[in-house]
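Engineer: Below you'll find the structure I mean.
The values are calculated or read from the model by the stated rules, or taken from the named source; none is laboratory data. Since we're looking at a predicted model, the values are computed, not measured. Every residue, glycine as well, gets a Cβ built from its backbone with ideal geometry; the counts of neighbours run over all protein chains shown. Heads up: the accessible areas ignore ligands, DNA and RNA and are worked out on the full protein's heavy atoms, side chains in. Shrake-Rupley method; radii C 1.70, N 1.55, O 1.52, S 1.80 Å.
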Amino acid sequence: MECPHVNEAVKLDLEKLKLINVSQWTCEDCRSRKSPWMCLTCARIHCGRYVNAHALSHYKKEPSHCVCLDQSTAVFCYQCDEFVINDTPSRHVERLRQLIADRQERNQRRRMAIKSEEEPARKKLAGVNGEQTRDVVKCNRVGLRNLGNTCFMNSVLQSLSNIKEFTVYFMRMPSFERCREKGGGHGYHTRQKGPHENIETCSSLVEEVRKCVCALCNEGASPHSPDTLFAVVWRVVPRFRGYQQQDAHEFLRYLLDKLHSELLEYAKRSDSSRQTIVSGIFGGQLRSEVNCLRCEFLSIKHDPILGLNCVVRCYLEGVY
């Protein structure tokens, strides 16, 4: 929701946040590391309401300290009692999120480098013991928060994160903000494009999916809140606005279609080669034939598809 308290409550200094280890947030009162939340006014860290509710107690003692942020960069306002999707005019929240994301990405790369160094020894040991090893991407150590009847989206994201090629592709993809800083000149836009631009045209679904995939594969982190991704979905696919129950398969088809379109724009593909990671995994061609009974002319057409609906017949206790 659009929170009216963000401008007054978000006062955290970025330099102060750099001194805090994101992976070791601990509640100041009970020393719990479960569901820690940082006050964006004073930078104090307390546990969430489903642990010992010390963050809520902090808000009750200091009513002006109503906006807080967790390790997954989700922002919550206790006064509104709702997750927050808007930002300050100076994009203070976005800069906080970017700082946390950069540190988490560096930690993830460091862990992957250590694992790659240990992999030959592990395979050698497994071969000695007669075990078979498989090169898999270990994800889903992190869960997804339910934002209110968003199980349809969470189930799709968890399923996509279990596809090795899909996950590896997005984990290796650099952020679009970093590409612009290097002068890549891609025709892509993110929510960080500019404070005065229309947010309807500055939303990147690919960028938010990339962040979500990286968060799901961030070992040891707290549950990830896909609120920014959901906010972008609202803008690019208006039919999913709100918190009503939706069909997961329908959401998957819309998501893949939008990802495919944005990736084509990002890569600036020519019309002769319209392939992306989405079409490479889910794509295919539907062949249709029309045969004229009078002249016997056969017309064959191939249409690209990202999914094929199949009728699954099920018989249960004699009832079709």
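Engineer: Can you give me the number of residues within region 74-94 that are in contact (Cβ under 8 Å) with a residue 40 or more places away in the chain, charged (D, E, K, R) and more than 18 Å from residue 224 (Cα to Cα)? Spell out the reasoning first.
Structural biologist: As a first pass, look at region 74-94 and keep what is in contact (Cβ under 8 Å) with a residue 40 or more places away in the chain: 74-75, 77, 79-80, 82-94.
Remaining after also requiring charged (D, E, K, R): 82, 87, 91, 94.
From what's left, more than 18 Å from residue 224 (Cα to Cα): 87, 91.
Summing the residues that are in contact (Cβ under 8 Å) with a residue 40 or more places away in the chain, charged (D, E, K, R) and more than 18 Å from residue 224 (Cα to Cα) in region 74-94 gives 2.
Engineer: Taking the stated definitions as given, is residue 34 at negative phi, in a loop (DSSP other than H, G, I, E, B) and open to solvent by 30 Å² or more (accessible area, probe 1.4 Å)?
Structural biologist: Values: at negative phi: yes; in a loop (DSSP other than H, G, I, E, B): yes; open to solvent by 30 Å² or more (accessible area, probe 1.4 Å): yes.
When the stated conditions are applied, residue 34 passes them.
The rows are residues; the columns are (1) within 26 Å of the chain's Cα centre (by Cα); (2) open to solvent by 40 Å² or more (accessible area, probe 1.4 Å).
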{"residue": "249", "(1), (2)": "yes, yes"}
{"residue": "260", "(1), (2)": "yes, no"}
{"residue": "278", "(1), (2)": "yes, no"}
{"residue": "285", "(1), (2)": "no, yes"}
{"residue": "292", "(1), (2)": "no, yes"}
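Engineer: Quick check, is residue 15 outside any loop (DSSP other than H, G, I, E, B) and either in contact with a Lys or Arg (Cβ under 8 Å, 6 or more places away or on another chain) or at pLDDT 85 or above (or both)?
Structural biologist: Numbers: outside any loop (DSSP other than H, G, I, E, B): yes; either in contact with a Lys or Arg (Cβ under 8 Å, 6 or more places away or on another chain) or at pLDDT 85 or above (or both): no.
No.
Engineer: Looking at region 28-64, which of its residues are under 26 Å from the mean Cα position of the chain (by Cα) and hydrophobic (A, V, I, L, M, F, W, C)?
Structural biologist: Scanning region 28-64 gives 37, 38, 39, 40, 43, 45, 47, 51, 55.
Engineer: To continue, here is another question. Among the candidates 39, 77, single out the residue that is under 17 Å from residue 13 (Cα atoms) and either at pLDDT 85 or above or polar (S, T, N, Q) (or both). I'd like the intermediate steps shown before the answer.
Structural biologist: Numbers: 77 fails: under 17 Å from residue 13 (Cα atoms).
One residue alone meets the criteria, 39.
Engineer: Looking at region 208-236 only, could you name the residues that are open to solvent by less than 40 Å² (accessible area, probe 1.4 Å), out of contact with any Asp or Glu (no Cβ under 9 Å at 6 or more places or on another chain) and over 17 Å from residue 159 (Cα atoms)?
Structural biologist: Listed by number, the residues that qualify are 221, 227.
Engineer: Restricting attention to region 42-67, report how many residues are charged (D, E, K, R) and either buried (at least 17 other Cβ atoms within 10 Å of the Cβ) or at pLDDT below 90 (or both).
Structural biologist: Pass one, region 42-67, residues charged (D, E, K, R): 44, 49, 60-62.
Keeping just the survivors that are either buried (at least 17 other Cβ atoms within 10 Å of the Cβ) or at pLDDT below 90 (or both) gives 44, 49.
Of the residues in that region, 2 qualify.
Engineer: For region 224-241, which positions are out of contact with any Lys or Arg (no Cβ under 6 Å at 6 or more places or on another chain) and in a loop (DSSP other than H, G, I, E, B)? Talk me through it step by step, then tell me what you get.
Structural biologist: Filtering region 224-241 down to residues out of contact with any Lys or Arg (no Cβ under 6 Å at 6 or more places or on another chain) leaves 224, 226-233, 235, 237-241.
Passing the criteria: 226, 237, 241.
Engineer: Let me ask another. Just wondering, is there one or more residues in region 40-63 that are touching a residue at least 40 places away in the same chain (Cβ under 8 Å) and either out of contact with any strand residue (DSSP E or B) (no Cβ under 7 Å at 6 or more places or on another chain) or part of a strand (DSSP E or B) (or both)? Can you show your working first?
Structural biologist: Of all residues in region 40-63, those touching a residue at least 40 places away in the same chain (Cβ under 8 Å) come to 40.
Next, from what is left, pick out any that are either out of contact with any strand residue (DSSP E or B) (no Cβ under 7 Å at 6 or more places or on another chain) or part of a strand (DSSP E or B) (or both): none.
There is no residue in region 40-63 that is touching a residue at least 40 places away in the same chain (Cβ under 8 Å) and either out of contact with any strand residue (DSSP E or B) (no Cβ under 7 Å at 6 or more places or on another chain) or part of a strand (DSSP E or B) (or both).
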